1. Consider B:Met131 carefully, then state whether it is in contact with a helix residue (DSSP H, G or I) (Cβ under 6 Å, 6 or more places away or on another chain), within 22 Å of A:Leu117 (Cβ to Cβ) and away from chain A (no Cβ under 13 Å).
2. When only residues in the stretch B:186-206 that are within 14 Å of chain A (Cβ to nearest Cβ) and assigned to a helix (DSSP H, G or I) count, which is farthest from DNA strand C (Cβ to nearest atom)?
3. When the stretch B:7-34 is examined, which residues are found to be surrounded by 19 or more Cβ atoms within 10 Å (Cβ to Cβ), within 12 Å of chain A (Cβ to nearest Cβ) and in a loop (DSSP other than H, G, I, E, B)?
4. In this structure, is A:Met59 touching an Asp or Glu at 6+ places or on another chain (Cβ under 6 Å) and within 7 Å of another protein chain (Cβ to nearest Cβ)?
5. Filter the stretch B:161-185 for residues that are β-branched (Val, Ile, Thr), under 23 Å from A:Leu117 (Cβ atoms) and in a loop (DSSP other than H, G, I, E, B) and give the result.
6. Condition test on A:Leu38, is it over 24 Å from A:Cys89 (Cα atoms), outside the structural domain of A:Ile158 (by TED's automatic domain parsing), within 16 Å of DNA strand C (Cβ to nearest atom) and more than 15 Å from the chain's Cα centre (by Cα)?
7. Which one of B:Leu110, B:Leu117, B:Leu129 is within 14 Å of DNA strand D (Cβ to nearest atom), in a helix (DSSP H, G or I), under 18 Å from B:Ser34 (Cα atoms) and in contact with a Leu (Cβ under 7 Å, 6 or more places away or on another chain)?
There are 2 protein chains.
Amino acid sequence: MRQPPRLFPAARAVYLQGARDVPLYNIESGWLFSYQLLADGRRQILQFLLPGDLAGLEMDGSAGMTHGLDTLTDSVLCSIPREGFQRLCDSCPVVANHMQWIRARDMALLSEHAVSLGRRTARESMANLFMELAVRSVRSVQLISGTSLRMPLTQPIIADALGLTSIHVNRVLSDLRKSRIMELKNKMLTILDMEQLTRLANSPEGFLELWGPKAQA
Amino acid sequence: MRQPPRLFPAARAVYLQGARDVPLYNIESGWLFSYQLLADGRRQILQFLLPGDLAGLEMDGSAGMTHGLDTLTDSVLCSIPREGFQRLCDSCPVVANHMQWIRARDMALLSEHAVSLGRRTARESMANLFMELAVRSVRSVQLISGTSLRMPLTQPIIADALGLTSIHVNRVLSDLRKSRIMELKNKMLTILDMEQLTRLANSPEGFLELWGPKAQA
DNA sequence: CGGCTACTTGATAAATATCAATTCCTGTGG
DNA sequence: CCACAGGAATTGATATTTATCAAGTAGCCG
């Protein structure tokens, strides 16, 4: 049912906010993000999508998508027709069930993100974001080398994810480097002090276990 | 399958963050909110729940709930055993389907909330929140009298929903009153200038239609 | 190359938080 | 039924965080 894989180059829109008849997309490789725009151009990034994730789950239909999807890196996506998938869900409870699980996980991720936006300081939010992405990317494909891993985010992207300006992101990042906690350079994240980073991130118990055994299924 | 209705008085916990074996709850009447706490007590409210909504959908299982649920007003809830409901979903695709729809709607609401937290000013966020709750409450049970409707939120609650302090909420609220846009008094919201309020809320097209015909189903 | 964007740093401004104090409600216990 | 306690609402003064403006360098894609 999955359509043939298709390559989307880095920094391209996969679909725009408001688009109609958008299929689901299975992410074979690459990093992407979903976002929502305000009329004057302000942008809030809602989620980052990594290999193995499913995009386009949110609303569709007559009103159009509530969010847009862009690639961060070159990505390979397979589209999945909505109605065919719907039929599959109807006929196979195991699939329908797994979908619920995926949606619950997405919701937990977005909730955690909302906590950062509303109640964490810039430092805490950044620590949290990097821990989340480190765990997720290691669990999906990523090869770690020492304490470094690939983290293809630019400062403006981090800013739009955390509700900050890129200038402020730059300053906090250099603070974190000076504090010898972590370093982001050349799209590589190096964790210098996992102890302190974890304390800063301050995620509720259980958050990092969201990608435990069950997520492998 | 739904258990007998049970009354929860105002300002009570229905379940705590981290609780295990929590059932689903159908909200027969009352207003509630779900939230997440940080170790030092900072609180982020994630969603408001109104009659007809379903609570407890997010993660459960061995790790415990990722969020807590409290009542705002006296509320009547029916618990729904998780495993029984699971079986129902498995045997009845229409139900499973509607669940997906509910989860997609919750996701869209939380996304919009995240946009407020990250990219809207305090004024805009508040306009947005009140428009959302006005529309939802009118669609569920609420009786409107003129341009006023019941809105049982305190300033500290609004603050924890929008990532602000209650002091700042107070100031913005009195600004909004002085600007003759809206007024919140005695748990009643009065809309003085719908035109301006809508412009301030600045919600993407389609957001307010999330509770259109289909939501009645 | 050339043009755009990212990154960096400094100076200043705006939004929002913190501290403090007072009044007003409202639910509760005597 | 009243008194009281505790949170809610309000206002002022001040502090902190984060944004805005500005400018220059450095990278990267076409």
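The values are calculated or read from the model by the stated rules, or taken from the named source; none is laboratory data. Predicted model only: the values in this text are computed from it and were never measured. We place every Cβ from the backbone using ideal geometry, glycine too, and count neighbours over all the protein chains shown.
1. yes
2. Ranking the candidates gives B:Thr198 first.
3. Correct list: B:Gln17 only.
4. On the way: touching an Asp or Glu at 6+ places or on another chain (Cβ under 6 Å): no; within 7 Å of another protein chain (Cβ to nearest Cβ): yes.
In short, no.
5. If the condition is that a residue be β-branched (Val, Ile, Thr), under 23 Å from A:Leu117 (Cβ atoms) and in a loop (DSSP other than H, G, I, E, B), then B:Thr165 is the only one that fits.
6. Yes.
7. B:Leu117
This table checks each residue for (1) within 12 Å of another protein chain (Cβ to nearest Cβ); (2) surrounded by fewer than 19 Cβ atoms within 10 Å (Cβ to Cβ); (3) touching a His at 6+ places or on another chain (Cβ under 6 Å).
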| residue | (1), (2), (3) |
| --- | --- |
| B:Pro5 | no, yes, no |
| B:Gln36 | yes, no, yes |
| B:Arg42 | yes, yes, no |
| B:Gly52 | no, yes, no |
| B:His67 | yes, no, no |
| B:Thr73 | no, yes, no |
| B:Phe85 | yes, yes, no |
| B:Pro93 | yes, yes, no |
| B:Arg105 | yes, yes, no |
